[in-house]
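Okay, so here's the structure we're looking at.
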Amino acid sequence: MVRTDTPAAGDERSVLFQMLEYVQQTALHKVRGLPQDLARKAPIATSPLTNPASLLNHLRWVEHYWVEVVTLGREDRGPWSDEHPDGELEIALELPIEEIIDGYSEQAQLTRALLGELDLDTETEVPMKDFHPNVRFVINHLIEETARHNGHLDLLRELADGSTGS
């Protein structure tokens, strides 16, 4: 697949879904090819969970939560708990990097498929504390969250093996 941020059409829906897929593919691009030890390498001593494997796993479970739990009202299957609120980051230290990559890739496809069935104005099943988001908000939130972590992944990849660029 060619990674591009250019939508096939200029309407809002096409732009949103193309940008979502672009940032998802960028996250995968930044982590693919890293050996297990470098995928878990955390170059910031005070942030041992800030590593490519943990961040990609975090993105997977963020998508699960916002799409499956908040938007569709399904059961939360996330690997977090009251005792381990960062469980999705912690568990990545034990999982093979290929399993994390495959899990995120599958979740990204599922996210686009599930959201693709909904109108952008559809309200989520679960309201937030201060407002009730719609699908448009959820897609924009996922783009923002993924793009922010792509910046982290870009730096972590360069520190891990010197790889730079898009």
| request: For GLY87, work out the one condition from (1) under 18 Å from the mean Cα position of the chain (by Cα); (2) among the small types (Gly, Ala, Ser); (3) closer than 17 Å to LEU156 by Cβ it doesn't fulfil. | output: (3)
| Right, HIS84: in contact with a strand residue (DSSP E or B) (Cβ under 7 Å, 6 or more places away or on another chain) and either in a loop (DSSP other than H, G, I, E, B) or without any contact (Cβ under 8 Å) to a residue 40 or more places away in the chain (or both) or not? | no
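Which one of ILE97, ILE139 is farther than 17 Å from ASN51 by Cα and touching a residue at least 60 places away in the same chain (Cβ under 8 Å)?
Numbers: ILE97 fails: farther than 17 Å from ASN51 by Cα.
The unique qualifying residue is ILE139.
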| Only one of (1) open to solvent by 20 Å² or more (accessible area, probe 1.4 Å); (2) of a type in the set (A, V, I, L, M); (3) part of a helix (DSSP H, G or I) is not met by ALA45, so which one is it? | (3)
| query | Any idea how many residues of region 142-162 are under 14 Å from HIS29 (Cβ atoms), among the charged types (D, E, K, R) and either outside any helix (DSSP H, G or I) or open to solvent by 30 Å² or more (accessible area, probe 1.4 Å) (or both)? | reply | 3
| query | Could you say which residue among THR26, THR50 is hydroxyl-bearing (Ser, Thr, Tyr), closer than 14 Å to LEU155 by Cα and either outside any loop (DSSP other than H, G, I, E, B) or touching a strand residue (DSSP E or B) at 6+ places or on another chain (Cβ under 6 Å) (or both)? | reply | THR26
| Say we look at region 39-70 and pick out the residues that are more than 16 Å from the chain's Cα centre (by Cα) and among the polar types (S, T, N, Q); which of these is farthest from MET128 (Cα to Cα)? | THR46
| Unmet criterion (only one of (1) more than 17 Å from the chain's Cα centre (by Cα); (2) more than 16 Å from LEU28 (Cβ to Cβ); (3) part of a helix (DSSP H, G or I)) for LEU118 | (3)
| field | Residue count for region 64-74, restricted to those that are assigned to a helix (DSSP H, G or I) and either surrounded by 24 or more Cβ atoms within 10 Å (Cβ to Cβ) or free of Cβ contacts under 8 Å to residues at least 12 places away in the same chain (or both) | value | 2
| query | Is it the case that region 100-121 has a residue that's within 19 Å of TYR22 (Cβ to Cβ), surrounded by 12 or more Cβ atoms within 10 Å (Cβ to Cβ), in contact with a His (Cβ under 7 Å, 6 or more places away or on another chain) and at pLDDT 95 or above? | reply | yes
| request: Evaluate the following for LEU93: is it hydrophobic (A, V, I, L, M, F, W, C) and surrounded by 16 or more Cβ atoms within 10 Å (Cβ to Cβ)? | output: no
| said: Can you say whether ALA8 is open to solvent by 40 Å² or more (accessible area, probe 1.4 Å) and assigned to a loop (DSSP other than H, G, I, E, B), as far as the supplied structure shows? | reply: yes
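The values are calculated or read from the model by the stated rules, or taken from the named source; none is laboratory data. If you're wondering where the values come from, they're calculated on a predicted model, not measured in any experiment. When we count neighbours, we look across all protein chains shown, and the Cβ atoms used for this are built from the backbone with ideal geometry, even at glycine. Note: areas computed on protein heavy atoms with side chains; ligands, DNA, RNA excluded. Shrake-Rupley method; radii C 1.70, N 1.55, O 1.52, S 1.80 Å.
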